[in-house]
1. Considering each residue of the stretch 59-105, count those that are polar (S, T, N, Q), open to solvent by 100 Å² or more (accessible area, probe 1.4 Å) and within 20 Å of E20 (Cα to Cα), and give that number.
2. Does the stretch 67-75 include one or more residues that are without any contact (Cβ under 8 Å) to a residue 60 or more places away in the chain and either within 22 Å of S3 (Cα to Cα) or under 11 Å from the mean Cα position of the chain (by Cα) (or both)?
3. Filter the stretch 1-39 down to residues that are of a type in the set (K, R), closer than 19 Å to D85 by Cα and modelled with pLDDT of 90 or more and give me whichever is surrounded by the most Cβ atoms within 10 Å (Cβ to Cβ).
4. Looking at (1) at pLDDT below 95; (2) open to solvent by less than 90 Å² (accessible area, probe 1.4 Å); (3) not in a loop (DSSP other than H, G, I, E, B), which one does V48 not meet, given that it meets all the others?
5. Does the stretch 35-53 hold any residues that are in contact with a strand residue (DSSP E or B) (Cβ under 6 Å, 6 or more places away or on another chain) and not polar (S, T, N, Q), and which are they?
6. Could you say which residue among T10, T43 is among the hydroxyl-bearing types (S, T, Y), out of contact with any Leu (no Cβ under 9 Å at 6 or more places or on another chain) and not in a strand (DSSP E or B)?
Amino acid sequence: MPSFKIDVSTAVVFVATAPEPKMANKKTGERAVDRDTGAALSTVGLLVSDEGEGNLYQVTIPETGYPEGLAPGMPVRVVGLRARDWENEFNGQKRHGISFRAVAITSVA
């Protein structure tokens with residue numbers, strides 16, 4: 001599926017939730033990995049505020065793409081933020097949504 005670039009160059013971005021390992025299978029504890037690079041993936045909550053509107057996004061990012069010590073409230077920059085729509089069927093129910101992915105998150109400090 002195609003993905004779409006999100007321009008956050010004029011936005012103020014803060015960490016909302018600290019990075020956590022992204023799981024491919026919660027029952028077995030298997031970590032999700034990037035299909036291209038094999039890097040382990042994490043998710044981080046980001047509050048993105050731009051033009052008077054704030055949104056909370058759960059963003060997937062390679063474990064190597066963010067500095068240690070990211071904590072809620074820290075201002076950050078997001079590199080390569082993209083959105084992709086998804087749809088699947090589980091137990092006879094169709095589900096759909098938008099997933100967010102970034103190349104890197106860097107500290108503003």
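1. Let us first name the residues in the stretch 59-105 that are polar (S, T, N, Q), namely 60, 64, 88, 91, 93, 99.
Then keep just the ones that are open to solvent by 100 Å² or more (accessible area, probe 1.4 Å); that gives 64, 91, 93.
Restricting the remaining residues to those that are within 20 Å of E20 (Cα to Cα) gives 64.
Number satisfying all stated conditions: 1.
2. The answer is no; no qualifying residue exists.
3. In this case the residue turns out to be K22.
4. In the conditions (1) at pLDDT below 95; (2) open to solvent by less than 90 Å² (accessible area, probe 1.4 Å); (3) not in a loop (DSSP other than H, G, I, E, B), V48 misses (1) alone.
5. If the condition is that a residue be in contact with a strand residue (DSSP E or B) (Cβ under 6 Å, 6 or more places away or on another chain) and not polar (S, T, N, Q), then A39, A40, L41, V44, G45, L46, L47, V48 are the ones that fit.
6. The match here is T10.
The values are calculated or read from the model by the stated rules, or taken from the named source; none is laboratory data. In this text the structure is predicted, and so the values were computed from the model without any measurement. Backbone-built Cβ (ideal geometry, glycine too); neighbour counts: all protein chains shown. Accessible surface is based on the protein model in full, side chains and every heavy atom, while ligands, DNA and RNA are left aside. Shrake-Rupley method; radii C 1.70, N 1.55, O 1.52, S 1.80 Å.
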